[in-house]
Amino acid sequence: MFSCDQISKVVVLGGGSAGLMAAVTVKRLLPQLDVKLIRSADIGVIGVGEGTTAVFPSHFFETLKVSKEEFYRETQPTWKQGIRFEWGPRDYFNYTFEFQYDAQRQGMSCANGFYADEDCRDLDLPSALMDRGKAFVSGPLGKPLVRGNYAFHIENHRLVTYLEKLAARTGVELSEGTLQSVEQGPNGDVTSITFEDNRRIEADLFIDASGFRAELIGRVMNEPFLPFSSGLFCDRAVIGGWDRGEDPLVAYTTAETMDSGWCWKIEHEHWINRGYVYASQFINDEQALEEFLRKNPKVSNTPRVVKFRSGRYDRSWVKNVVAIGNSSGFVEPLEATALAQIIYGTRWLIELLRTTDLQPSDSSRHLYNTQMGRAWDEIRDFLAFHYKFNHRIESPFWSHCHHDTSLGAYQGLYDYYLDEGPGPLIIHEVPHKPNIYGVEGFLSMLVGMKVPYKRRREPTPAEQQAWKQHSAAIAAKANSAVDSVKALAAIRSPGWVWE
Ligand SMILES: Cc1cc2nc3c(=O)[nH]c(=O)nc-3n(C[C@H](O)[C@H](O)[C@H](O)COP(=O)(O)OP(=O)(O)OC[C@H]3O[C@@H](n4cnc5c(N)ncnc54)[C@H](O)[C@@H]3O)c2cc1C
């Protein structure tokens with residue numbers, strides 16, 4: 001059923017990374033729309049969200065066609081080849097944006113996962129680079145080949161400042177204002193919103209990017225919030241950092257196991273940002289701060305606590321309101337999924353607006369909500385694997401995770417793994433296709449944390465030989481690679497040309 005006239009005016013409420021990225025993307029890809037963004041200086045932005053995934057650079061450089069030179073200059077990113085997990089029985093394992101455990105090397109009868117028990121560091125090139133503190137393979141004249149599935153670390157304030165400039169240049173009308181009231185028409189659609197300065201703005205479509213306040217989707221539309229408390233228990237983070245000084249700049253995020261959660265280490269060029277994500281039902285703020293400072297004695301600023309709730313709204317698109325960013329849902333900081341969800345949600349919105357001639361039907365809204373709901377739930381299930389099997393520290397929190405974390409729709413995948421390990425048919429246990437993480441993500445956690453399974457495979461002598469040769473070739477490439485400091489210097493040098 002077509003329930004609305006053709007959309008021509010879009011209002012974005014909120015100017016954090018979600019609102020700004022959504023506004024820029026909508027205006028760039030649907031330039032015929034009039035796009036206004038209003039945000040409150042009094043409320044401000046959340047100021048976190050600094051780890052990205054590989055979809056982030058491709059969105060900016062390929063979809064939005066942003067100049068790399070400008071982007072690097074304005075946001076000062078560092079590179080991220082993956083996450084180094086200090087979880088489970090190994091000292092650590094690396095989760096990259098490539099296929100590691102689910103890939104199969106030439107001359108081997110099984111997927112890599114079967115052979116990665118002993119040593120998983122050189123399973124793929126990004127992992128080998130991470131292991132040696134390198135960022136990119138070296139090309140002609142020793143220059144870094146900045147390509148492949150990499151991501152960024154970006155300080156939130158730099159990203160927001162840059163996005164504001166980009167939005168204004170793209171034709172988004174930006175203004176200040178704090179929401180005061182909302183008017184709805186007889187069918188429940190929002191018709192206009194009024195700000196404290198009495199400005200009233202009308203639109204056909206409202207993007208709610210008001211962060212955890214969820215002003216429109218939650219407070220006006222009263223959409224039910226579905227908590228993820230059956231699988232994920234963390235609800236706060238204490239955050240602090242220090243000037244890098246002599247600490248080496250590496251091209252990955254570190255995730256360290258803590259007594260009642262985990263701690264990120266995000267690598268900015270001159271600043272190291274750490275955040276202890278914890279469950280307040282197991283540790284209070286003072287205890288979390290004490291453990292955080294004990295393990296990070298270099299913290300030089302005043303740590304701050306950020307509260308969050310893990311879950312999502314049942315539907316992200318209700319009537320003529322579409323929630324994007326923390327207003328539509330948030331799982332938790334692990335795996336840095338939120339910025340990717342903003343991109344995913346915005347692209348889906350644009351796709352549906354495009355294919356319905358800017359006149360979305362009820363069924364297209366329904367499709368949007370199904371896709372977004374699945375994506376959120378898949379992230380929840382993926383993160384559940386991280387918690388359920390991490391036995392590095394025995395504590396009341398981790399014991400609770402082992403016993404009470406539900407694996408959701410991926411329970412079947414785990415059941416198969418328990419018998420068969422990383423067997424070739426495990427792909428059929430993935431409940432939805434396409435999905436975000438593939439089998440790879442789940443195997444990375446299971447094999448990375450050495451979760452036991454029954455059907456073991458012993459490599460033949462020929463396979464052992466082939467395995468060593470592959471690993472040695474990857475290691476050799478990584479040994480001669482370029483680290484982040486040199487790679488940053490290279491891209492800032494006068495003769496640098498982006499591919
Ligand atoms: C501890 C923590 C760590 C995180 N780490 C990561 C990470 O590493 N990677 C990642 O991808 N994501 C991360 N996230 C998620 C991250 O916060 C979001 O991806 C990102 O910052 C987008 O936020 P947002 O724009 O939705 O909300 P906000 O930044 O909160 O922006 C909300 C906007 O709405 C405006 N607003 C609100 N109410 C009103 C009103 N009444 N009137 C007018 N304007 C209003 C505000 O002024 C602001 O401009 C993390 C989240 C938390 C809690």
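Being part of a loop (DSSP other than H, G, I, E, B), touching a residue at least 60 places away in the same chain (Cβ under 8 Å) and aliphatic (A, V, I, L, M) is the requirement here; does Leu334 meet it?
yes
Specify the residue that is farthest from the ligand (Cβ to nearest atom); the eligible residues are those in segment 5-47 that are surrounded by fewer than 20 Cβ atoms within 10 Å (Cβ to Cβ) and among the hydroxyl-bearing types (Ser, Thr, Tyr).
Taking the candidates together, the pick is Ser8.
Looking at Leu413, Leu446 in this structure, which one is at pLDDT 95 or above and within 25 Å of the chain's Cα centre (by Cα)?
Among Leu413, Leu446, only Leu446 is at pLDDT 95 or above and within 25 Å of the chain's Cα centre (by Cα).
Would you pick out the residues in segment 232-264 that are more than 19 Å from Ile283 (Cβ to Cβ) and either part of a loop (DSSP other than H, G, I, E, B) or of a type in the set (A, V, I, L, M, F, W, C) (or both)?
Of everything in segment 232-264, those that are more than 19 Å from Ile283 (Cβ to Cβ) and either part of a loop (DSSP other than H, G, I, E, B) or of a type in the set (A, V, I, L, M, F, W, C) (or both) turn out to be Trp242, Arg244, Gly245, Glu246, Asp247, Pro248, Leu249, Val250, Ala251, Tyr252.
Of the residues in segment 304-325, how many are open to solvent by less than 40 Å² (accessible area, probe 1.4 Å), in contact with a helix residue (DSSP H, G or I) (Cβ under 6 Å, 6 or more places away or on another chain) and outside any strand (DSSP E or B)?
Going through segment 304-325 one residue at a time, the tally reaches 3.
List pairs: first in segment 200-224 and within 18 Å of Lys36 (Cα to Cα) and within 11 Å of the ligand (Cβ to nearest atom), second open to solvent by less than 20 Å² (accessible area, probe 1.4 Å) and charged (D, E, K, R), Cβ under 6 Å, 6+ apart or cross-chain?
Leu216/Asp208
Spot the failing condition for Tyr368; the list is (1) touching a Leu at 6+ places or on another chain (Cβ under 7 Å); (2) buried (at least 22 other Cβ atoms within 10 Å of the Cβ); (3) closer than 29 Å to Ser192 by Cβ, and only one is missed.
(2)
Search segment 459-471 for residues that are assigned to a helix (DSSP H, G or I) and pair each with any residue that is surrounded by 12 or more Cβ atoms within 10 Å (Cβ to Cβ) and among the basic types (Lys, Arg) when their beta-carbon atoms are under 8 Å apart and the residues are at least 6 apart or on different chains.
Final answer for the pair search is Ala466/Arg105; Trp467/Arg105; His470/Arg105.
Of everything in segment 156-187, what is polar (S, T, N, Q) and open to solvent by 40 Å² or more (accessible area, probe 1.4 Å)? Give them in sequence order.
Thr161, Gln180, Ser181, Gln184, Asn187
Restricting to segment 188-213, and then to whatever is outside any helix (DSSP H, G or I) and open to solvent by 80 Å² or more (accessible area, probe 1.4 Å), can you tell me which residue is nearest to Thr25 (Cα to Cα)?
That would be Glu202.
If we scan segment 379-400, do we find a residue that is surrounded by fewer than 17 Cβ atoms within 10 Å (Cβ to Cβ) and hydrophobic (A, V, I, L, M, F, W, C)?
yes
Does Phe93 satisfy the criteria of being modelled with pLDDT of 95 or more, open to solvent by 40 Å² or more (accessible area, probe 1.4 Å), over 20 Å from Pro424 (Cα atoms) and touching a Gly at 6+ places or on another chain (Cβ under 7 Å)?
Criteria not met by Phe93.
Mind checking which pairs have a first residue in segment 366-392 that is part of a helix (DSSP H, G or I) and a second that is of a type in the set (A, V, I, L, M) and surrounded by fewer than 18 Cβ atoms within 10 Å (Cβ to Cβ), Cβ under 7 Å, 6 or more apart or different chains?
Asp377/Ala409; Asp381/Ala409
The values are calculated or read from the model by the stated rules, or taken from the named source; none is laboratory data. Since this is a predicted model, take the numbers as computed values, not measurements. So basically every Cβ, Gly included, is an ideal-geometry build from the backbone, and we count neighbours across all protein chains shown. All accessible areas refer to the heavy atoms of the entire protein, side chains included, with ligands and DNA or RNA removed. Shrake-Rupley method; radii C 1.70, N 1.55, O 1.52, S 1.80 Å.
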